[in-house]
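The values are calculated or read from the model by the stated rules, or taken from the named source; none is laboratory data. Only a predicted model underlies this, so the values are computations on that prediction, with no experimental measurement involved. Here the Cβ positions follow ideal geometry from the backbone for every residue, glycine too, while neighbour counts run over all protein chains shown.
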Amino acid sequence: MPEEIWDRLFRWVESIMGGKIVWKERQPRWRPAWYFDVEVGGRTVPLYWRGFRGRRDRRPSVYDRYPIEQEAALLQVLEAHGIPVPHVYGFCPDPRGILMARAPGKAEFHHIPDEAEREALAREFMEILARTHRIPPEAFEAIGMERPRTPEEQALNIVSAFEEEYRASIRTPVPLLEFTLRWLRRNIPPRMGPTVLVQGDTGPGQFLFQNGKVTAVIDWEFAHLGHPMCDLAMIRARDLCYPFGDLRERFRLYSELVGTPLDMPALRYYSVVAMSTTPLGTASVIESPPRSIDYAEYLSWYVLYSRAMVECMAEAAGIPLGPVPLPEASPSPRAMAFDVVLKNLREEQLPRITDPYTAYRMNIAVRLVEYARSADALGPATDAADLEDLGALLGRRPENLPKGNAELVALIHAAGPERDADLIRYFHRHLVRWENMLKPAMGEMAVTGTLSPIE
C-alpha cells in the first residue's frame with residue numbers, strides 16, 4: 001500500500017486513542033497489519049491493527065460475505081459473553097481495519113517444549129470452544145449474521161463464499177476443484193445439525209497463550225452460524241501446519257464438554273469442507289500470481305490442503321489410497337544457477353536485512369528459488385507421470401497437460417459418483433508428486449503436513 005495510506009492510519013490511531021504513537025512495526029505476514037504502542041495519559045497502551053485483505057478490484061470476493069466490519073462487531077459480542085478475545089477500540093474506515101488490544105503471549109502452540117503445558121492449553125482451548133458453541137445463535141443474529149435454514153445452507157455456507165470468488169477469479173477451471181465442488185453438493189449431510197457460532201478457521205495458531213494460560217482467541221474473519229462439526233474439522237485443517245496433539249482425544253474431550261456424541265459422518269464431510277477453503281481461495285493466485293504476493297507460501301498452502309482434501313474425500317467415501325511412486329530427480333545442466341542465487345541470497349543479502357517485514361519477503365524469495373531448483377530436477381518426470389495417469393483415466397494419453405486438464409474437466413462434469421474412486425486416486429497421485437517437488441520450499445509444512453486420524 002502507498003505510504004500515504006499508512007500515514008492516514010497512524011493519524012486515525014492517535015485520534016481514536018487520544019494519545020501519541022511511540023512505537024510501531026508492520027507485522028511480517030501476508031495481510032496488512034501493524035503493532036503499535038500508544039502513550040495515553042502517562043501510560044503505554046499496546047495495540048494491534050488488523051487490516052482488510054480482500055480484493056481491491058470489483059470482482060466478487062469471499063470477504064463480501066465476511067466483511068471485516070462484521071468481525072469487529074462479533075469480537076464485542078464474544079467479549080460480552082466472557083470469551084477471551086481482544087478488546088476492540090475502534091474501526092478505521094480508511095484503510096479498513098480493526099484497532100484492538102494487543103493481547104500478550106505467543107501463538108506457536110506446537111513449539112511448546114513441555115508436554116504437560118501443551119495438554120493443559122489444549123484442554124483450555126477446547127473448553128473455550130465448547131463455551132462459544134453454547135452461546136445462543138440469537139446473539140449473533142442481532143449483529144446481522146444469518147442462521148442457516150436448510151441442510152444445504154448449513155453445509156455449504158463457507159464453501160459457497162469461496163466458490164463465488166474462485167469462479168470470478170480464474171481463467172481456466174481447475175479439475176480438482178470442479179470435482180470437489182460437485183462431490184460436496186452430492187454428499188451434503190441429509191439432516192440439519194445444531195446451529196452454533198463457527199469460528200471458521202479455528203484451532204492451533206489461532207489462540208495466544210502466556211504462562212500456561214490462553215490469553216485470547218484470535219482471527220474470527222470467517223465466523224458464521226453453522227454446524228459444530230465444522231469447527232472441529234477446521235481444527236483438523238490447522239493441525240496440518242500447527243500440530244495439536246491427538247485429535248481423537250481433543251474431540252473426545254469436546255464431546256464430553258458439550259454433552260453430546262460426535263457426529264462422525266458430519267465430521268468426515270466437514271473435513272473436506274475445511275480443507276477445500278484454502279485451494280478455492282488461492283486458485284487464482286496460483287494461476288496468475290501478483291508480483292507482490294508471497295507466492296511460495298500460497299503455493300505451499302494450495303498443494304498441502306489440496307492433497308489433504310483428497311485424502312478426506314477418500315476417508316469419507318471409504319476409498320483406499322495406495323502408495324505413490326515418486327520420480328527420480330534429474331537436474332538439468334543449468335541447475336547450478338539456482339545454487340549460485342541461493343548462496344547469494346542466504347549469505348550476502350539476508351544477513352544485511354534488519355527490517356523484519358523485508359527479511360520475511362526475502363525468505364519467501366529464497367523459498368521460490370528452492371522450488372525452481374526442485375522443479376528443474378523433478379518437473380519433466382512429474383509431468384510425464386501425470387500424463388500417463390491422465391491417459392489411463394481418459395482412455396487415451398493427452399497431447400499435453402493443458403489439453404489433458406480440459407478433457408478431465410469435461411469428464412468430471414459428465415460423470416456420476418461411479419467415477420469418484422478413479423478420480424480421487426488420480427488426484428491423490430498427482431498431488432503427492434507435486435508436493436514432493438515443492439517440499440524444499442514448504443518450510444515447516446514439509447514436516448508437519450500429515451493428516452491426523454479422527455477415529
Q: Output the number of residues of the stretch 203-219 satisfying the condition of being touching a residue at least 60 places away in the same chain (Cβ under 8 Å) and in contact with a Ser or Thr (Cβ under 9 Å, 6 or more places away or on another chain).
A: 4
(Q) Could you check the stretch 288-323 and list, in sequence order, the residues that are modelled with pLDDT under 95, of a type in the set (Asp, Glu) and in a helix (DSSP H, G or I)? (A) 297
(Q) With the structure loaded, tell me whether residue 149 is under 26 Å from residue 242 (Cα atoms), at pLDDT 95 or above and over 22 Å from the mean Cα position of the chain (by Cα) or whether it fails that test. (A) no
Q: Can you tell me which residue within the stretch 235-276, out of those that are basic (Lys, Arg) and within 11 Å of residue 452 (Cα to Cα), is surrounded by the fewest Cβ atoms within 10 Å (Cβ to Cβ)?
A: 248
Q: For the stretch 2-120, please list each of the strands (runs of 3 or more DSSP E) lying entirely inside it that holds at least 1 residues being aromatic (Phe, Trp, Tyr) and surrounded by fewer than 16 Cβ atoms within 10 Å (Cβ to Cβ).
A: 20-26, 33-40
Q) What is the residue count in the stretch 378-404 for residues that are crowded, with 16+ Cβ neighbours inside 10 Å and assigned to a loop (DSSP other than H, G, I, E, B)? A) 1
Q.
Under 9 Å between Cβ atoms, which residue pairs at least 6 apart in sequence (or on different chains) link something in the stretch 384-401 that is outside the structural domain of residue 175 (by TED's automatic domain parsing) and farther than 17 Å from residue 421 by Cβ with a partner that is surrounded by 12 or more Cβ atoms within 10 Å (Cβ to Cβ) and among the polar types (S, T, N, Q)?
A. none
Q | Subset tally (residues that are out of contact with any Leu (no Cβ under 7 Å at 6 or more places or on another chain) and either under 23 Å from residue 136 (Cβ atoms) or not small (Gly, Ala, Ser) (or both)) for the stretch 203-234 | A | 17
Q. If residue 279 passes every condition in (1) closer than 18 Å to residue 440 by Cα; (2) buried (at least 19 other Cβ atoms within 10 Å of the Cβ) but one, which one does it miss?
A. (1)
Q: Give the residues of the stretch 425-444 that are of a type in the set (A, V, I, L, M), crowded, with 20+ Cβ neighbours inside 10 Å and either within 17 Å of the chain's Cα centre (by Cα) or within 21 Å of residue 271 (Cα to Cα) (or both), sorted by residue number.
A: 431, 442
Q. Is it the case that some residue within the stretch 320-327 is in contact (Cβ under 8 Å) with a residue 60 or more places away in the chain, under 22 Å from residue 443 (Cα atoms) and not aliphatic (A, V, I, L, M)?
A. yes
(Q) Out of the residues in the stretch 1-36 meeting the condition of being closer than 16 Å to residue 95 by Cα and among the basic types (Lys, Arg), tell me which one is modelled with the lowest pLDDT. (A) 31
Q) Cβ-Cβ below 8 Å, separation at least six or inter-chain, first residue in the stretch 344-363 and in contact (Cβ under 8 Å) with a residue 12 or more places away in the chain, second in a loop (DSSP other than H, G, I, E, B) and polar (S, T, N, Q): which pairs? A) 357/27
Q: Return yes or no: is residue 353 farther than 23 Å from residue 330 by Cβ, among the aliphatic types (A, V, I, L, M) and crowded, with 17+ Cβ neighbours inside 10 Å?
A: no
